[in-house]
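A short reminder: the numbers here are calculations on the coordinates, not readings from a lab. Treat the numbers as computed from the prediction; the structure is a model and nothing was measured. For neighbour counting, all protein chains shown are included, and Cβ atoms are generated from backbone atoms with ideal geometry for every residue, glycine included.
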Amino acid sequence: MFRLLREMVLIQSSSYNKKGIDRVVALIQSAFKNNKVFCQIVEQKTFGNHLVVRSFHKSPPRTQVLLVGHMDTVFPEDTTFNWYKEDKNNSYGPGVIDMKGGLVAGIFALKALEFAGLLEKIPITFFFNSDEEIGSISSRKLIENEAINSAFAFVLEAGGRAGEVVTGRKGNISAKLDIKGKAGHAAFAGKDKASAILELAHKTIAFESLNDHKRGITVNVGKIKGGIGSNTVPENSTAFIDFRFSSAEDKKYLEEKIKDVIKKQQTPNTSCTVEILTSRLPMNQCTANRELFANVKDVAKSLNLPLKEEFRPGVSDANFIAHQNIPVIDGLGPIGGKDHSDDEYMIKESLLQRTVLLACSIIKCLKILDTNRQ
């Protein structure tokens, strides 16, 4: 397991590195070469290819088990965080916990089921996508289509430090703001200068004022750019903004607020447009998700593993699955932390623990499902 993890982590696979992600696809295929599964590559022109791995069991609609994990990482292709190392307790490297550790756990859970003579009896699909970190632009519809045919789903993002798995998540909107002003020489600029950066500053404050932590709304203007020099009135400016919310009603509220901020012009002779890049509705902590969690918790108890329920502010592909009205829990991957930084780590003992938990949870949840159908 750690040999595969090391090899996978050492393949640079940022969301825009198609060649790197396609190498991860080939590695996963080779990991399954001696197993009784069918591997299908879903070719992509711009992004990395997706990979769908299925057991040979043919199932009627809405009966398969769906596993989902992403192969891309947030680290750019030219990053210096391009190494893998281990100490007594932890493994370190880009994507080791977000989420190549989860991919390895899922791969070996399927291997364990086959070794036990069970995989051929289970209708299971494992969807490996290439673009989760940038909103699952090319994979969203494919994941939703698989979800529609599933009885339940497990997403293999990282588990929490105290054994948390995720039964609910916030939703998000990712937006791009473009402001147009009028260029000119800074020495001759008057009170009515059409500075795109000045207008962006006003709008940044307006958006940041929407933060309401009691309500579960967070807004972050995370990246800005504009201008060509200090002696030139900036003609253009751009901002990238992240919105998080806990309910569909709050999503509508934020959409209206975005329109209001765009319409309100503070700087003369400037204009503003907004583009919604990606969005996800919240994953509600519904009864079906909590029932699925309760079954997994029973398995964890039998394995003497801690397991807690968590509502997580981050988003994942579980959000898409949840809105197909399919029971789903997330955070079933190994345990670690400091993801999206060059201190990212995975607790080594959790890799095997979560692999066993996943394999046994698939068996138990299917048995309960079959019993309820009889």
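As a proxy for reagent exposure, Cys365, Cys360 were ordered by neighbouring Cβ count within 10 angstrom, fewest first; the result is Cys360, Cys365. Separation of segment 13-69 and segment 197-260, taken as the distance between their Cα centroids, equals 37 angstrom. Neighbours of Asn35 by Cβ distance under 14 Å: Lys/Arg scored +1, Asp/Glu scored -1, total +2. Measuring how big the chain is from its alpha-carbon positions, Rg and Dmax come out at 22.9, 82 Å. For Thr79 and Lys191, the FRET efficiency from 1/(1 + (r/R0)^6), where r spans their Cβ atoms and R0 equals 41 Å, is about 0.35.
Amide H contacts of Leu277: Ser174, Ala175, Lys176, each under 5 Å away and 5 or more positions distant or on a separate chain (H built 1.01 Å from N in the peptide plane; Pro and chain starts excluded). Charged side chains reduced to their Cβ positions (Lys and Arg at +1, Asp and Glu at -1) give the chain a dipole of some 460 debye around its Cα centre. Dividing the convex hull volume of the alpha carbon atoms of segment 171-280 by its residue count gives 86 Å³ per residue. Gaussian network model of the chain, Cα springs within a sub-10 Å range: biggest mean-square fluctuation belongs to which of Lys33, Lys45, Lys257? So, out of Lys33, Lys45, Lys257, the one fluctuating most is Lys45.
How much FRET efficiency would the formula 1/(1 + (r/R0)^6) give for Gln40 and Lys214, where r is the Cβ-Cβ distance and R0 is 35 Å, rounded to 0.05?
Result of the calculation: an efficiency of 0.15.
Summary value for segment 171-280: 45 percent relative contact order, contacts being C-alpha pairs under 8 angstrom separated by 6+ residues. For the pair segment 267-300 and segment 100-162, the centres of their Cα atoms are 18 angstrom apart.
Cross-link reach is defined here as a Cα-Cα straight distance under 17 Å, omitting same-chain residues fewer than 8 places apart; for Lys259 the aspartates and glutamates meeting it are Asp178, Glu199, Glu208, Asp242, Glu249, Asp250, Glu275. In the chain, helices alone account for a calculated mean residue ellipticity at 222 nm of -10500 deg cm²/dmol, with every DSSP H run of four or more residues adding -39,500 (n - 2.57).
Along its three principal directions, the equivalent ellipsoid of segment 108-228 from the Cα gyration tensor extends over semi-axes of 49, 18, 12 Å, largest first. Which one of Leu352, Leu198, Leu119 has the biggest mean-square fluctuation once the chain is modelled by GNM with Cα springs under 10 Å? Comparing Leu352, Leu198, Leu119 in the GNM, the peak value goes to Leu198.
Ordered by the number of other Cβ atoms lying within 10 Å of each residue's own Cβ, fewest first, Phe38, Phe188, Phe2, Phe75 fall into the sequence Phe188, Phe38, Phe2, Phe75.
Evaluate the relative contact order of the chain (contact order divided by residue number), counting alpha-carbon pairs under 8 angstrom at least 6 apart; express in whole percent.
This gives 23 percent for the chain.
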